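S.K.: Structure below; questions to follow.
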């Protein structure tokens, strides 16, 4: 009978569900804004122009701090993910050693 770790199984299922949900919600939001801003109304063209001008005026000096924080959080995520895989492999190897070498 195979040994199933329900916590790892639950986490894997949760990652899949949350990942699909976040992707679907993001794509729906982007599509909604795209459809909304495609209107031919005078006010919508002003909103498009306003968004374009402010998008071009973003000051990278003030924006750079947020970019650095995002990069550092991504690095921390990768380190934690790697640590989890190392721990998971260690548990598997430890269990394999017990099976191969009986006491």
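S.K.: Keeping to segment 23-53, report how many residues are over 26 Å from the mean Cα position of the chain (by Cα), exposed (fewer than 10 other Cβ atoms within 10 Å of the Cβ) and modelled with pLDDT of 85 or more.
M.R.: Residues that pass the stated criteria total 4.
S.K.: A further question follows. Among the candidates 20, 8, which residue alone is within 29 Å of residue 88 (Cβ to Cβ), touching a helix residue (DSSP H, G or I) at 6+ places or on another chain (Cβ under 8 Å) and either surrounded by 10 or more Cβ atoms within 10 Å (Cβ to Cβ) or in contact (Cβ under 8 Å) with a residue 40 or more places away in the chain (or both)?
M.R.: So the residue among 20, 8 that is within 29 Å of residue 88 (Cβ to Cβ), touching a helix residue (DSSP H, G or I) at 6+ places or on another chain (Cβ under 8 Å) and either surrounded by 10 or more Cβ atoms within 10 Å (Cβ to Cβ) or in contact (Cβ under 8 Å) with a residue 40 or more places away in the chain (or both) is 8.
S.K.: Using the structure shown, decide if residue 3 is out of contact with any strand residue (DSSP E or B) (no Cβ under 7 Å at 6 or more places or on another chain), exposed (fewer than 10 other Cβ atoms within 10 Å of the Cβ) and assigned to a helix (DSSP H, G or I).
M.R.: No.
The values are calculated or read from the model by the stated rules, or taken from the named source; none is laboratory data. Keep in mind it's a predicted model, so treat the numbers as computed, not measured. All Cβ positions, even for glycine, are placed from backbone atoms using ideal geometry, and neighbour counts span all protein chains on display.
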